[in-house]
Structure formats: C-alpha cells, structure tokens
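Only one structure is covered here, and it is reproduced in the block below.
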Amino acid sequence: RAKEAGRNQTVRFDPSMRVELERAVQLENDLRRAIEHEELYMELQPQFDRGLKLVGAECLLRWRHPRFGNISPYEFIPLAEKSQLIDSLGDWVLEQACRLLAGWQNGTGFAELYLSVNVSVKQLESPHYVSNVARTLGQHTLSPEYLQLELTENVFATDMPATVARMHELRSLGLRLSLDDFGTGFSSLTYIKHLPFDELKVDRSFVNDLENDEMNRRMVNFMVQLGHELGMCVVAEGVETSRQRELLLEMGCDALQGYLMDKPMGIDDFTARYLDT
Ligand code: C2E
Ligand code: MG
Ligand code: MG
Ligand code: MG
C-alpha cells in the first residue's frame, strides 16, 4: 500500500519523468525495426587539412522516426547501447561506410578521402567485433587505410589488456583508429601509450572555450603536443569561429571539423558540393 502510494506520488509530483520514460521505452522498441523500415541514414561532415583542403568526412548516424521526426544520436545511441541493438546498428553503419568508400575509391575525385565511423565501446567489447569488421571489409574492394574507426575515451574504462589486443587486431586489418571527444572522459596517461591510436580528436567543449579562456587555451595546446609526441594526428572538432580556427592552426592542429567550414549533410549534398572542387 505504501509502495502504491509512493508510486502515485512520484507520478503526481513529476509527470515529465513518466513521459520521458515512456518515450525511452517506445524509442527502444521502435529502434529494433528502424533498420528494416529504412528509417536510418547517414550524414557526412567534411574535415579539412591546415590548408583548408578537404581531406575526409565523418559519418554521423541519423534516425528519422515516423512519429517523432528526427531523433538525435545523443538520445538513441545510449538506448541502443543499453539494449545491445548497438551491434546491429554499428554493423549497418560500417556496411554503408565501406560501400561508400569503395565507390569513392573506384576512380572518382574522392579516391583519397578518409571516412570516419563512430564505434561504440560496447561494440568493441563484443567477441565477434573484429571478425565482423574483417568480413565487412572483405565484402568490398577498398583500401582500408582510408577507413577510420572513432572510439571514445570509454575504452579506458574497459578490460585494458583485452582492449589493447583487440585494437591491435583491428589495426592489423589495415584501418586507422581515432580517439574521439578527447579530454572529456577516462583517458589515462598510463594506458594511452599502449593504445594504437592514429588520431586524436580534441573535444568540441575545449574548442568552444578557446577564445575566452586562457587556461583552456593552454589545455588544448597541451593536448596537441601530447598527440604529436605520441605520433598521432590531431584533429579539432566543433570549430565554429574563424578565431578558433586561427588559434587551433597556431597550436599545430593537423585537421579541422566544424560548422565554420560545413555542417553534416546528406551524401548527395556532400558529393554535389565537394566533388571536383
Ligand atoms: P561525435 O562523434 O563527437 O560527433 C560530432 C558531433 O558534433 C556531431 O553531432 C556533429 O553534428 C556535431 N558538430 C560538428 N561540428 C559542430 C560544431 O561546429 N558545433 C556544434 N555545436 N556541433 C558540431 P551528432 O551528429 O548529433 O552526433 C552526436 C554523437 O552521436 C557523436 O558525437 C557520436 O558520439 C554519436 N554518434 C553519431 N553517429 C554514430 C554512430 O554511427 N555510431 C555511434 N556509436 N555513435 C554515433
Ligand atoms: Mg566522432
Ligand atoms: Mg567527436
Ligand atoms: Mg564530440
């Protein structure tokens, strides 16, 4: 009885919580069928080198829900991770990316572009992950060194010896590994030198505060140095102003991504905009 009353009270005091929970349950259910119903698609956000020449793109997953409209990956990726749907979602993204890359490499003006795919640490923890990636690569005719997998600092919160081994296996397939959202998570200076990352992506939050915060500027400067010392290429994400770009180039960043240069866009728009430029 007391329990019952408590439950009713919760509902009465904060109806928004129930709405949120219902939405999460609903979305998790719908996500199961999103692939077969063709509600998922990819957008590409271009990346540029220091000379502001296009050098690659990041694949960003989109979900057009039939009732709720576009749902942010910040909302549906955590749901997918919670329910293990992330494995099939991730396989789908990788398959799309490999097909796109194979097409680009087949004699187009995009033959030397990198393509980055976000990978959840949950996927990496699945024992089948490396063989999945190997199989998908094998199904397409492509040079894997132009394919890059982005992992977040959550890798540092896993069983490190197993993760280190798995990451080496992935790299031996010929692809590249990137450490995404650097500076916000669990990075450990003890382990970072053991992980075979080719690229370090400075998180958007640091880029954001560059202009007004001197301490922040020193932090970013340090991250660029650290990345370079460890032999990584350093990319800044979320570049929104020309002042930020200027500072990042001064600090030695190798590549830039952000709304200042371009937003994520559909594949057709990307091709129309950048092919032959
Ligand atoms: P992320 O990998 O760090 O991707 C960068 C996010 O920053 C993207 O958000 C992008 O649209 C946004 N962004 C890029 N430039 C700017 C800028 O100048 N200003 C601002 N304010 N934002 C900018 P998006 O597309 O909403 O994706 C959010 C996150 O969802 C991604 O962060 C990534 O962690 C995750 N995600 C997206 N697609 C996938 C996927 O296929 N698999 C997995 N596991 N995660 C994904
Ligand atoms: Mg990313
Ligand atoms: Mg990122
Ligand atoms: Mg980020």
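So the values come out like this:
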item	result
Rounded if a/c under 1.5, otherwise prolate or oblate - the range 143-199, Cα gyration tensor axes	oblate
Label-point separation in nm, ARG64 to GLN84, each point 7 Å along Cα→Cβ	3.1
Theoretical FRET efficiency, 1/(1+(r/R0)^6), r = Cβ-Cβ of ASN216 and THR241, R0 22 Å, to 0.05	0.95
For the range 183-190, Karplus couplings with θ = phi - 60° (6.51, -1.76, 1.60), whole Hz, Gly/Pro x	x, 9, x, 9, 3, 10, 5, 5
Relative contact order (%) - criterion: Cα under 8 Å, at least six apart; region: the range 138-230	26
Cα-derived Rg to Rh of the chain, Kirkwood definition	1.00
Environment charge at HIS140 (Cβ cut-off 9 Å; Lys +1, Arg +1, Asp -1, Glu -1)	0
Among ASN221, ASN106, ASN118: highest mean-square fluctuation, GNM of the chain, C-alpha pairs under 10 Å	ASN106
Segment HIS128-TYR191, length gained on full extension (0.36 nm per residue, minus Cα span)	20.3 nm
Potential extension, GLU20-LEU173 segment - 0.36 nm per residue separation minus Cα distance	50.9 nm
Choice from PHE206, PHE68, PHE182 showing the highest fluctuation, given a GNM over the chain with Cα pairs closer than 10 Å	PHE68
Cα-projected label distance for THR108 with TRP92, points at 7 Å along beta-carbon direction, nm	2.2
Whole-Hz ³J(HN,Hα) from phi, Karplus 6.51 cos²θ - 1.76 cosθ + 1.60, for the range 252-261, glycine and proline x	x, 3, 8, 8, 9, 9, x, 4, 4, 8
Relative contact order (%) - the chain, alpha-carbon pairs under 8 angstrom, separation at least six	17
The range 186-272: relative contact order in percent, alpha carbon pairs under 8 Å with at least 6 residues between	28
Residue exposure sequence - VAL235, VAL93, VAL220 - by fewest surrounding Cβ within 10 Å	VAL93, VAL220, VAL235
Difference of contour (0.36 nm per residue) and Cα-Cα distance, THR184 to TYR259	25.0 nm
Rounded to whole Hz, the Karplus (6.51, -1.76, 1.60) HN-Hα couplings of the range 61-69, x for glycine and proline	6, 10, 10, 9, 7, x, 9, 8, x
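Where a number appears in this text, it was derived from the coordinates with a stated rule and is not lab data. All values derive from a computational prediction rather than experimental measurement. For neighbour counting, all protein chains shown are included, and Cβ atoms are generated from backbone atoms with ideal geometry for every residue, glycine included.
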